[in-house]
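Participant: Just passing along the structure, written as structure tokens.
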């Protein structure tokens, strides 16, 4: 199951755009960046995770670097944040939904990619998670803050569950679009519920 | 047009040395680093952009890692900054000129490299820009500050124009050294003018 | 001489575990991270250096990513730090010893790997050093501080000496386990002595 299916391609492109938009909006809130800085942070947020994936899977050049549609949508997300950032702040729920779509699709499709290339289950889950959260990690490092994904919110764990769910669906014979969409929906639901109910991953036991 | 031309090889090596020197000087001004730290930051500034380029272009091992002349000049720039940093602070105009040579040559030659390897125009301009500004970005992240190139000065935009100009020259039939040097000179001129007249890339519209 | 020798494989796995444990403990001391953050920082500390090595040597996918034993030990080190961090703080000398084993084995085996793949002496020493100190550098950048290895302690220099010593032993005909263990012991001894006597790499001359 790959981005050759039109529906999955569209969801993957939506995710790319949403990651760029969200990454660039985060950057302009945190730091005074010029137009190059905002668009660059947006593009790294959208494309950084997939680049790390393709390094780990020895699948260079990175798929999203070769395909100009991904580059264009990532740049568009960054430019939109630059020019319309103040208006877009009001649409934060809508942007969170788009971002969760990206998280889900990236995790599931990257886990499949690793699996198709012959990597094991552990590696496929790691790669699915890194693809989903890697871009946001790079973004936070670029704007000088400890990555959100390491500190708060439930962001990586839904991605791990989605990636694992996709592999499990395949293992029990649910191939193709149903397995892919089911696993992505699981990731999406956990992410949205965690935002709604403000759920965090556990902190270490004992006094802080 | 590659570094096989002696003149371009010399300019590329000058740029490598200048990036290492400038990167290491920036590091010693900002942080108290030991000799390993200063030389390392200098070498990453000089060689980091080309390494990212060669990852994106699937052209590993990185060209500047294989060629010991680049490693030696990058180390020499770092050592010079360590031992003579205080004297060199007085030569900042001269170092800015060397650094702008590096910016121009890296942008133009990397765009050609991408083009020669069969990548499209968009990818070639991205790679030219990343090669030119990537090292400085890594340097700033290593010393704990938000990368200058994202925030202030005109640094990435001349690189984009130089990379684009080189591809345009090729497209209209100006091959070889004239096209290369012309595009690099364009990048160099914009960079030096922006320093002279303190020109910045635009910030987002509205109140800060 | 590679990790095919059982003794070296065991030392390499001990080093991986120690790097993950030490990296995760450093992270929980410095920042309030959730369980995903602590384990992630531990795994990046343990596996980051080897990943950079395998990028530079064009030896992708990274060896420690393919081998699930390395992934499991790195995750175990991170989980142990998460659950037992407060107890482990009392074992800092023991953890420093394990960490120095990792430093030594990573430097020596990575220099051999570069050499076996046909890279020169300079490249082999650089790769040995980067493998040994790269993980800790990534860890510090992730938790928002200037990398320790650039600022203080004697950490990279023992690694360079160990890597160089391993190549020298090979060059004078001391092949196999004796050369490997001798070079690693040299690195280990310098590292432990520098901790014991609080030795730092030189800072630049003149007033600070």
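What follows draws every value from the coordinates through simple rules; no lab data is involved. Keep in mind that this is a model prediction, so the values were computed, not measured. Virtual Cβ from ideal backbone geometry, glycine too; neighbours counted across all protein chains shown.
Participant: Rounded to the nearest 10 degrees, what's the angle between the helix A:156-171 long axis and the longest principal axis of chain A, both from Cα atoms, 0 to 90?
Facilitator: Helix A:156-171 and the main axis of chain A meet at about 20 degrees.
Participant: I need the inter-copy label distances for residue C:120: point set 7 Å along Cα to C-beta, values in nm with one decimal, smallest first.
Facilitator: Result for residue C:120, in nm, nearest copy first: 3.8, 3.9.
Participant: Which of the three applies to the protein assembly as shown, rounded, prolate or oblate, going by the alpha-carbon gyration tensor with a ≥ b ≥ c and a/c under 1.5 meaning rounded?
Facilitator: rounded
Participant: Can you work out D for the range B:86-208 in µm² s⁻¹ from Stokes-Einstein, where Rh is the Kirkwood radius over C-alpha pairs, the temperature is 25 °C and the viscosity is 0.890 mPa s?
Facilitator: The calculation lands on 163 µm²/s.
Participant: Taking each residue in A:109-115, count the Cβ atoms of any other chain within 10 Å of its Cβ, then average. What number comes out?
Facilitator: 0
Participant: Considering the Cα trace of the range C:35-147, what is its radius of gyration and what is Dmax, both in angstroms?
Facilitator: For the range C:35-147, the Cα-based Rg and Dmax read 14.6, 45 Å.
Participant: Report relative contact order for chain A in percent, whole number only (criteria: Cα-Cα under 8 Å, sequence separation at least 6).
Facilitator: That works out to 24 percent.
Participant: Give, to the nearest whole percent, the P(r) tail of the range C:6-196 beyond 20 angstrom, counting all Cα pairs.
Facilitator: 50
Participant: To the nearest whole number, what is the average tally of beta carbon atoms from other chains within 10 Å of the beta carbons of peptide A:117-127?
Facilitator: Mean number of neighbouring Cβ atoms from other chains: 2.
Participant: How far is helix C:68-88 tilted, in degrees, relative to the longest principal axis of the Cα atoms in chain C, given as a value from 0 to 90 rounded to the nearest 10?
Facilitator: Taking Cα atoms only, the helix is inclined about 40 degrees.
Participant: How far is helix C:176-196 tilted off the main Cα axis of chain C, in degrees rounded to 10, range 0 to 90?
Facilitator: Orientation of helix C:176-196: about 40 degrees from the principal axis.
Participant: Right, next: Summarise the partner chain shielding of B:53-62 as one whole number: the mean count of Cβ atoms from other chains within 10 Å of each residue's Cβ.
Facilitator: Taking the mean over all residues of the peptide, I get 6.
Participant: Another question about this same structure. Every other copy gets compared here: list the nm distances from the residue A:193 label point (7 Å along Cα to Cβ) to its counterparts, shortest first, one decimal.
Facilitator: Ordered by distance, the counterparts are at 5.9, 6.0 nm.
Participant: While we're here: Kindly provide the helix-only [θ] at 222 nm of chain A, computed as the sum of -39,500 (n - 2.57) over DSSP H runs of four or more divided by all residues, to the nearest 500 deg cm²/dmol?
Facilitator: Estimated from H runs of four or more residues: -26000 deg cm²/dmol.
Participant: For residue B:148, which inter-copy label distances result when the label point lies 7 Å beyond Cα on the Cα-to-Cβ vector, reported in nm to one decimal and in ascending order?
Facilitator: In ascending order, 3.0, 3.0 nm.
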